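Here the structure comes first, spelled out in structure tokens, and everything after it is commentary.
Quick note: the coordinates plus some simple rules give every number you see, no bench work behind them. Quick caveat: nothing in here was measured; it's all calculated off a predicted structure. Using ideal geometry, Cβ is built from the backbone for each residue, glycine included, and neighbour counts are taken over all protein chains shown.
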């Protein structure tokens with residue numbers, strides 16, 4: 001077992017890593033992290049229909065969230081081995097794959113290399129740089145990207161914004177990127193929908209995929225949870241995007257079923273898979289995925 005920066009709490013709900021950033025925590029004394037975890041139960045539907053559960057085949061697909069900062073945030077020995085271990089573990093778990101980027105560029109390049117080495121493709125989420133730089137990174141990842149997206153909520157990472165000149169994206173910027181993705185035959189995603197003004201972007205851009213996310217409660221944004229935002233805006237999101245995905249605080253099958261009832265087609269998992277990797281290596285991700293949907297790891 002390699003501990004890294006995880007405390008291996010009995011329940012991963014934000015109480016054991018208060019404000020540990022860099023680390024596994026978040027801003028606002030982990031308030032949004034904790035609300036992400038708690039609010040899925042608040043929006044669970046306690047009806048006769050809900051009590052029967054959702055069949056496995058109808059559950060939203062589980063997808064690895066785009067995770068970077070292996071050394072700074074996770075405490076892994078090096079970036080490259082982290083990405084290869086994480087991707088290989090996710091492949092063994094048969095979950096969807098994602099990679100993200102950051103500073104320096106090796107964070108994205110190692111993710112691309114890990115996908116290419118495994119002969120797989122995944123969703124590639126790029127920080128909100130100026131469009132020229134985003135398009136350059138889309139080209140880097142073209143051989144392994146099944147979906148391309150912009151991680152607009154990372155604009156709220158103040159240190160990152162100042163370091164690499166992130167931009168607050170408007171509809172015109174995103175429409176240009178959507179058109180570029182379409183020319184390459186790739187669905188276009190906007191990740192980080194969490195504020196009222198983000199809904200205006202969704203109305204104008206009408207992306208193929210919209211990801212409700214507050215960056216795992218790690219960035220300075222509105223106070224609240226991804227479950228709450230999804231519940232409040234589910235109908236309009238569904239009418240303006242091809243698919244709705246969500247991340248933040250999903251820990252159990254019940255949480256996944258609640259996300260399904262709120263219209264999510266995929267759920268993205270970050271910290272639970274990181275913890276599983278630290279505790280048990282790549283195989284731990286398969287075990288954690290099976291636990292999420294309530295099936296035996298031997299099944």
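For the reader, a short list of remarks on this structure follows.
- Near pairs, Cβ below 6 angstrom, 6+ apart or cross-chain, from region 1-29 (without any contact (Cβ under 8 Å) to a residue 60 or more places away in the chain and at negative phi) to any residue that is surrounded by fewer than 18 Cβ atoms within 10 Å (Cβ to Cβ) and not in a loop (DSSP other than H, G, I, E, B): 18/29; 22/72
- Residue 116, sole failed condition from (1) under 23 Å from residue 74 (Cβ atoms); (2) part of a helix (DSSP H, G or I); (3) touching a helix residue (DSSP H, G or I) at 6+ places or on another chain (Cβ under 7 Å); (4) without any contact (Cβ under 8 Å) to a residue 40 or more places away in the chain: (3)
- Out of 172, 189, 181, one residue alone is in contact (Cβ under 8 Å) with a residue 24 or more places away in the chain and in a helix (DSSP H, G or I). It is 181.
- Looking only at residues in region 192-217 that are buried (at least 24 other Cβ atoms within 10 Å of the Cβ) and in a loop (DSSP other than H, G, I, E, B), the one that is farthest from the chain's Cα centre (by Cα) is 207.
- Filter pass, residue 223 being farther than 14 Å from residue 40 by Cβ, surrounded by fewer than 17 Cβ atoms within 10 Å (Cβ to Cβ) and free of Cβ contacts under 8 Å to residues at least 24 places away in the same chain: no
- Selection count where residues are assigned to a loop (DSSP other than H, G, I, E, B) and crowded, with 17+ Cβ neighbours inside 10 Å, scope region 122-166: 7
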